[in-house]
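Coordinate-derived values only; no laboratory data. Bear in mind that the values here come from a model prediction, so they are computed numbers and not experimental data. Here the Cβ positions follow ideal geometry from the backbone for every residue, glycine too, while neighbour counts run over all protein chains shown.
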Amino acid sequence: MTGGQSESRARGTLVSFNTVERLLRGDFFHTVHWEEVLGELGRFPAEWGLAGVGTTNWFGRNGEAIIHGTVGAPEVYWSDPRKADPMHVIDLLREHPSGEGKELVSPSLDDDEGEEPAFPFFALGVCDPSVEVEWAVPAGVNLHEWLLGRFHEENIGLAAIAVEGAMGHVEYASAFYLPLEGIDLDDLYHADDNFRLASHEGGRWIGRGVYAANPTLQRIISVEGLPLHLHGWEEALRIGGHVSRATVGEGVSVRVWVLRDFLLEIRNLERERVKTRVVE
């Protein structure tokens, strides 16, 4: 991404660092660090919202990232597949993963990687508050199916979403082993050799996600045929991850921001030498 975008000309934008397809085929090396993400977000107004998804390149403990907050006060939560609780969620900008006796190992192209996580994939909706709409979701419906139908009815091609409210049955996953040789994309979030799977009944859930109608963009933010990529957590228990299915409870609302532009960045393409680092 080059050039600048003044606040007077800023538009709602999906900013993607690398792609899901490249990640799942084994690209853990063209990563971005959080400070670099902040540098790219600096072109947008501080009060604009963030809604996005991602993962880390911690080998054997990739997890699922949930991005929310605002450009001026961003937050990154992370679903840890190795914790005793079913995918415990921590504040990744303020907390460090611990426990389970497993070191944090990162495939790397650099000698000077720090202790902060590197992200091989982020998809961030940078949300213009002037175009925000809110939808009340009927109780009892399948959240993903209802949202996809509504996006189609409204002729929305690209959007970021924020989901909050009571849920019934929720199925979710967190990546614990994404091998360097890649995985089969056909049965992605049911691959229990690669993803830790869990479900939960009830509770108030907070979710953030991105949606793309175009198949080409789907292969960047998700996989083709899965246009909605949603991560979230149950607020009281702090458990969650990639939400693959959810039954809506009472009083659930979805905030939607139509995104007008799309930016893709893949870093460090000039390098091929691979190293690993261990974070104690």
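Taking amide H atoms as placed 1.01 Å from N in the peptide plane, the amide H of Gly165 lies under 5 Å from those of Trp205, each 5 or more residues away in sequence or on another chain. For Val32, the residues 5 or more places off, or on other chains, whose built amide H falls under 5 Å of its own are Phe119. For the stretch 1-94, the list of GluC sites (Glu not before Pro) that fall in a loop by DSSP and count at most 16 other C-beta atoms within 10 angstrom reads Glu47. Taking θ as phi - 60° and the Karplus parameters 6.51, -1.76 and 1.60, the scalar couplings of the stretch 69-82 work out to x, 10, 4, x, 9, x, 9, 10, 9, 9, 8, 8, x, 9 Hz in sequence order, x denoting glycine and proline. Per-residue Karplus couplings for the stretch 214-219, computed as 6.51 cos²θ - 1.76 cosθ + 1.60 with θ equal to phi - 60°, are listed in order as 6, x, 5, 5, 4, 6 Hz, Gly and Pro entered as x. Near Thr70, the amide H atoms lying under 5 Å from its own belong to Leu50, Glu75; only residues 5 or more places off or on other chains count, and H is placed 1.01 Å from N.
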